[in-house]
Each structure stands twice: as structure tokens, then as C-alpha cells.
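Structure first, commentary second.
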Amino acid sequence: MSSGECLEVRKRRFGATDAEISEIGFGAGGYWSNPALDASTRASLLWAAVRCGVNWIDTGPTYSGGDAERHLGELLGARRDDLFLATKVGTKLTDGGFVTDFTPGAMRESLQGSLERLRTDRVDLLSMHSPTLDHVTNEDTLGALAAFKSEGSVRFLGLSPAHRYGLDVARAAIASGVFDGLMLTYNVTSPPATEEVIGQAARAGIAVLAKLPLGRAIFDRSWRRVRSRADLWYVLRGLRTMRRAVLGSRKYGFLNEVEGSTAAQVALRYVLDNPNVTSAVPGTVKLQHLRQNIAVSQSPPLSGELTERIRRAAA
């Protein structure tokens, strides 16, 4: 799995639709607030991914202090129509922090703001961001989402549930018949129940987008080596948001022992080996890591023995 010049990222069908997206996406998330990630670096990362065949870009109105969409809008320009652009509704930033609001008016205001920042008249995928079970079953909320779709400002509807109750929300969304895509946390540490829900979604014709496919690479031994401001930011963020997972990551140390691959590449290949996954969207602030991630698209599947060992570790 070379980290040099990339090969073309493979495409997969987006659920039961006629759209095709790259099996590895580009995330413009919270890490775009990394102080080491200046405008030139953001542009280099984005266009390196696009040159390698990545065609779907994921962002949201609250990422990077609310600036991720604006940064993307400044970059996309005439290339917008070549890309599958995804954003979210339901959360916003206020002086008091994050606020959840899935009322029709708030979602419309959020969508309009996203379109303005992204400098486009529509998004390809609009996902509910961290909804609860009540939100996913609320008729007014679902009706408003359907209206956005019929008006043409949204092509497909999706949802991205929070980690703590993601599977219950995902099951309700699948049953609703409303959603085209499901963004679900899925990586080598995910329990068997996650794969069961992913299978249910695929059978229902719903595209499955794996978020946190590297689990923030807490199992990678290089993760703890701090050589720059970007490295320090990443380590501190992982300890703050995934302390328990970090402490339990030693049982995945064997991922570092696969010849010719980094631990992160093995983890990403594991996600892509699931035939029910449409795409994975890892985030990175380094061009080297981006190229390593993209190289996984053309790498062979993991051995059955290694796959089973990962599943045993997660059980």
C-alpha cells in the first residue's frame, strides 16, 4: 500500500439510487480548526483527494467552529458539479455551545445558511446531525426534510446519529423508509450489533457511510509520537474525546504488525471489506496520511484470519 502517487479510488453505488460515490470520502470536519491547517494546506488536501478520484465531500454547519463550510465554498468553485457534496442540519453553535433543533423552521434556516457558505444552490446529501429517536419519528421533522428534497435544494436524505444511541436511531430510520443514506460509526472496535444494523440498511437500499472508520487511529503506535503542533493537537483531542478507547487500544496492537501496511490502513481495509458499506470517510490533516488512506482502495482484502482476529478483539 504505497503512500506516494495514488491510484484511482473505486466507486460504489449510493444505496438504491443511480448515484455513485468514491468508497473513500473526504471529511471537512472539526479537525479543520487545527491551528496547523492553514488555507494552503486545506486546498492541498482537498485537491489531492479529488485528483485521486474522491468525489464525495462531507461537512456540516458546526464543524471547525462553523467555518468548514465557508472554507469549502471558497475552494470548490467550478468543480462543485463534479462532486457529491454532503452537509447536515439539526445542530447549531450558540454562545452556550451546541444546540439541537430539528423544528422545520430551524432546519430550513440551517440549510439556507449552509448553501450560502458552500456557494451552491443544492447539496447532494442532507443528514440529520445527532438526532434522537423522537426526532427521527417526528412527522413534522420528516415532512420538512421531504419538502427540501421536493424543492430541489437537497438530492438525498440521510442521518448521522450520535455514538451513544446510534444503533437505536439507525434502526428507526431504516424502518421509516424516508432516508437514502446512513452515516454510522463503524471501525475495528465496533461491536457485532453495528454490523447487523449495517446489513439491515443495505438490504433496505440505504447507503451506509462509515464515520470514524479509523477510530481516530488510537491503535496505531505512531499516534503517540508528537513531532509537531498538528500531532499534539491530535493526541490531546483523542484523549479528550476517546479516553476509554485509548486506554483499551492495546489489544489492537497486532494491527501494527501487518507487513507492508500501517495499522490505520489495515483498519480502513477492514471497513471497506464489508460489502454492505458504501464508503468510509476518514479525516486527516496530513497529505501523507491522506495518500495512505486513499491507497487502501486498491489494496487486496484482509485475510480471513486477520479479519476474524479483529472481530474477536471487538466482541
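Each row is one residue, and each column tells you yes or no for (1) at negative phi; (2) at pLDDT below 95; (3) among the aliphatic types (A, V, I, L, M); (4) touching a Gly at 6+ places or on another chain (Cβ under 6 Å).
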{"position": "V99", "(1), (2), (3), (4)": "yes, yes, yes, no"}
{"position": "L125", "(1), (2), (3), (4)": "yes, no, yes, yes"}
{"position": "M128", "(1), (2), (3), (4)": "yes, no, yes, yes"}
{"position": "R171", "(1), (2), (3), (4)": "yes, no, no, no"}
{"position": "A175", "(1), (2), (3), (4)": "yes, no, yes, no"}
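One residue stands out among those in the stretch 128-142 that are in contact (Cβ under 8 Å) with a residue 24 or more places away in the chain and in a helix (DSSP H, G or I): the one that is surrounded by the fewest Cβ atoms within 10 Å (Cβ to Cβ), which is D140. Against the test of being touching a Pro at 6+ places or on another chain (Cβ under 6 Å), in contact (Cβ under 8 Å) with a residue 12 or more places away in the chain and buried (at least 17 other Cβ atoms within 10 Å of the Cβ), the options V169, V197, V154, V178 yield a single qualifying residue, V169.
Criterion first (in contact (Cβ under 8 Å) with a residue 40 or more places away in the chain, surrounded by 20 or more Cβ atoms within 10 Å (Cβ to Cβ) and farther than 24 Å from S22 by Cα) does D124 satisfy it?
Considered against the rule, which asks whether it is in contact (Cβ under 8 Å) with a residue 40 or more places away in the chain, surrounded by 20 or more Cβ atoms within 10 Å (Cβ to Cβ) and farther than 24 Å from S22 by Cα, D124 comes out as no.
Scanning the stretch 89-111 for residues that are part of a helix (DSSP H, G or I), out of contact with any Lys or Arg (no Cβ under 8 Å at 6 or more places or on another chain) and surrounded by 13 or more Cβ atoms within 10 Å (Cβ to Cβ) yields P104, M107, R108, E109, L111. Within the stretch 38-55, the residues that satisfy the criterion of being out of contact with any Ser or Thr (no Cβ under 8 Å at 6 or more places or on another chain) and either crowded, with 21+ Cβ neighbours inside 10 Å or not aliphatic (A, V, I, L, M) (or both) are D38, S40, T41, R42, S44, L46, W47, A49, R51, C52. Counting the residues of the stretch 7-53 that are under 14 Å from S297 (Cβ atoms) and among the polar types (S, T, N, Q) gives 1. Among the residues making up the stretch 269-290, those that are outside any loop (DSSP other than H, G, I, E, B), at pLDDT 95 or above and not hydrophobic (A, V, I, L, M, F, W, C) are R269, Y270, S279. Scanning the stretch 71-104 for residues that are farther than 24 Å from K286 by Cα, small (G, A, S) and either without any contact (Cβ under 8 Å) to a residue 12 or more places away in the chain or out of contact with any strand residue (DSSP E or B) (no Cβ under 6 Å at 6 or more places or on another chain) (or both) gives A78, G96, G97. Within the stretch 267-280, the set of residues being crowded, with 22+ Cβ neighbours inside 10 Å and either free of Cβ contacts under 8 Å to residues at least 12 places away in the same chain or in contact with a Phe, Trp or Tyr (Cβ under 9 Å, 6 or more places away or on another chain) (or both) comprises A267, V271, V277, T278, S279, A280.
Here's the yes/no breakdown for (1) of a type outside the set (G, A, S); (2) in a helix (DSSP H, G or I):
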position: L126; (1), (2): yes, no
position: A144; (1), (2): no, yes
position: V169; (1), (2): yes, yes
position: V178; (1), (2): yes, no
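With respect to the conditions (1) at negative phi; (2) touching a residue at least 24 places away in the same chain (Cβ under 8 Å), D38 lacks only one, and its number is (2). Restricting attention to the stretch 41-63, the residues that are in contact with a Leu (Cβ under 9 Å, 6 or more places away or on another chain) and either more than 13 Å from F26 (Cβ to Cβ) or not β-branched (V, I, T) (or both) total 16.
For the stretch 56-70, the set of residues classified as surrounded by fewer than 21 Cβ atoms within 10 Å (Cβ to Cβ) and touching a residue at least 40 places away in the same chain (Cβ under 8 Å) consists of R70 only.
The values are calculated or read from the model by the stated rules, or taken from the named source; none is laboratory data. Model, not experiment: these values are computed from the prediction. All Cβ positions, even for glycine, are placed from backbone atoms using ideal geometry, and neighbour counts span all protein chains on display.
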